[in-house]
1. What does the charge count near Val110 come to, summing +1 for each Lys or Arg and -1 for each Asp or Glu among other residues with Cβ under 12 Å from its Cβ?
2. Sort Val68, Val16 so the one with the fewest other Cβ atoms within 10 Å of its own Cβ comes first.
3. Give a residue-ordered list of calculated ³J(HN,Hα) values for segment 37-53 (Karplus: 6.51 cos²θ - 1.76 cosθ + 1.60, θ = phi - 60°; whole Hz; x for Gly, Pro).
4. Segment 27-120: which GluC sites (Glu not before Pro) are DSSP loop and have at most 11 other beta-carbon atoms within 10 angstrom?
5. What list of ³J(HN,Hα) values in whole Hz, one per residue of segment 87-101 in order, does the Karplus curve 6.51 cos²θ - 1.76 cosθ + 1.60 (θ = phi - 60°) give from phi, with Gly and Pro shown as x?
6. Loop only per DSSP, at most 15 neighbouring Cβ atoms within 10 Å: give me the trypsin sites (Lys or Arg not before Pro) in segment 107-139, ordered by residue number.
7. To the nearest 20 Debye, how big is the dipole of segment 28-161 about its Cα centre, given +1 on the beta carbon of each Lys and Arg and -1 on that of each Asp and Glu?
8. How many nm is it between the label spots at Ser103 and Arg50, if each spot is 7 Å from the Cα in line with the beta carbon?
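Computed from the coordinates by the stated procedures, all read-outs in this text should not be read as laboratory data. From a predicted model like this one, the values you see are computed outputs, not experimental measurements. Because the Cβ atoms are built from the backbone with ideal geometry, glycine has one as well, and the counts that use them run over all protein chains shown.
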Amino acid sequence: MGLGSGASCSISLNTVLSPEQQALYQDPDSIREILSRTKTIAIVGLSSERQKASYFVATYLIREGYRVIPVNPRGGTILGETVYPDLKSIPEKVDLVDVFRPSSEVPSIVDQAIEIGAMAVWTQLRIINFEAAEKARGAGLFVVMDKCVKMEHGRFSGSLHWAGMNTELISARRAKR
């Protein structure tokens with residue numbers, strides 16, 4: 001999970017947030033800190049369907065060494081892990097809550113994230129709820145909104161360069177793998 005420490009800036013591609021909102025909810029230093037401190041990620045809305053973005057993100061995060069816990073009211077197992085109906089049902093510590101649910105569901109997810117003592121809440125692309133984000137920040141959680149955790153991890157670990165993408169990171173260091 002080596003994350004480069006080179007100079008960085010915010011990539012505004014793919015976001016609908018204003019520059020001021022990006023400064024609050026897409027800060028590169030906060031993103032780097034979240035990704036480096038996180039060990040366990042609960043993915044709310046993780047689907048068992050292989051073609052869904054949540055499944056693709058989960059497999060990537062597992063491959064990168066994170067523990068992924070599926071949260072979906074349907075239950076069962078996904079990627080060999082027990083699926084929990086909500087965050088409160090997870091019997092272990094969760095560092096990061098990654099949200100693949102509609103914006104209208106984010107407030108209740110944030111309430112649970114606060115209740116379980118998560119370090120951060122991350123909402124995927126186009127999932128935006130400012131009230132819930134401010135509630136989470138007020139409770140001391142890091143908040144990332146309207147960003148893909150997989151893309152950001154790849155950006156900071158250096159692996160997006162391998163695919164020819166401009167990550168807007170400047171570093172002479174080779175990424176650790």
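1. Net of charged neighbours comes to -2.
2. In order of increasing Cβ crowding within 10 Å: Val16, Val68.
3. 8, 6, 10, 10, 10, 8, 9, 7, x, 5, 9, 7, 7, 4, 7, 7, 4
4. In loop regions of segment 27-120 (DSSP not H, G, I, E or B), the sparsely surrounded GluC sites (Glu not before Pro) are Glu49, Glu92.
5. 5, 5, 7, 6, x, 9, 5, 10, 8, 10, 9, 9, 10, 10, 10
6. Arg126
7. Dipole of segment 28-161, to the nearest 20 debye: 340 debye.
8. Label-label distance for Ser103 and Arg50, simple model: 3.4 nm.
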